[in-house]
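Okay, structure first, notes after.
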Amino acid sequence: MSKRTRRAAPVAGATRPTITVCRGCCCGTPKIPGLDHTAQLRDLRQAVDGAATVRVTGCLGACERANVIVVQPSAEGRKNGGAPVWLGLVNDPDATTDITTWVGNGGPGLADPPGILDLYTFQPSRRVRAELHD
């Protein structure tokens with residue numbers, strides 16, 4: 001059993017996408033220089049206001065890819081085959097804008113992400129994926 005604290009998972013059947021922003025041991029810290037982490041979170045929240053839920057979590061265990069953001073589909077997106085999309089090295093404002101534009105258009109299962117986000121997408125291990133739902 002993991003000794004990590006349990007985090008609330010998004011509500012099953014959420015009516016809108018959920019953007020989970022890691023702010024653990026590496027993400028959101030001075031270990032990632034040149035990025036205003038507070039502004040990144042503020043910009044995410046402002047840009048998707050009403051279109052998605054933005055939540056902050058502790059370490060997701062993908063520290064080598066800090067800053068990590070996970071975009072989870074809405075219930076409708078999940079019905080259309082959408083799955084959580086893990087994005088790493090989200091360390092510039094343009095990437096944040098690309099994420100919010102995609103989510104504003106519906107997110108996973110409802111809208112194709114901008115091609116540039118392929119550079120940020122990664123598949124975490126099962127252990128790391130489980131951290132999102134612990």
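Every number in this text was worked out from the coordinates using simple rules, so none of it is lab data. These numbers come from a predicted model, not from an experiment. A quick note on method: Cβ atoms are made from the backbone with ideal geometry, for glycine too, and the neighbour counts reach across all protein chains shown.
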> Using +1 on the beta carbon of Lys and Arg, -1 on that of Asp and Glu, and nothing else charged, what's the dipole of region 18-133 about the Cα centre, debye to 20?
Replying inline: 540
> Based on DSSP H runs of at least 4 residues, each adding -39500 (n - 2.57), what is the mean residue ellipticity at 222 nm of the chain after dividing by all its residues, to the nearest 500 deg cm²/dmol?
Replying inline: -7500 deg cm²/dmol
> How far apart, in nm, are two points set 7 Å out from the Cα along the Cα-to-Cβ line at residue 37 and at residue 119?
Replying inline: 2.3
>> How much length would be gained if the chain were fully extended between residue 92 and residue 129, taking 0.36 nm per residue of separation minus their Cα-Cα distance, in nm to one decimal?
In response: 11.0 nm
> So which trypsin sites (Lys or Arg not before Pro) in region 31-119 are both in a DSSP loop and have at most 11 other Cβ atoms within 10 Å of their Cβ?
Replying inline: 31
> Considering the chain as a Gaussian network with a 10 Å cut-off on Cα pairs, which listed residue, 30, 113, 73, attains the greatest mean-square fluctuation?
Replying inline: 30
> Efficiency by 1/(1 + (r/R0)^6): what FRET value for residue 29 and residue 51, r their Cβ-Cβ distance, R0 = 41 Å, to the nearest 0.05?
Replying inline: 0.90
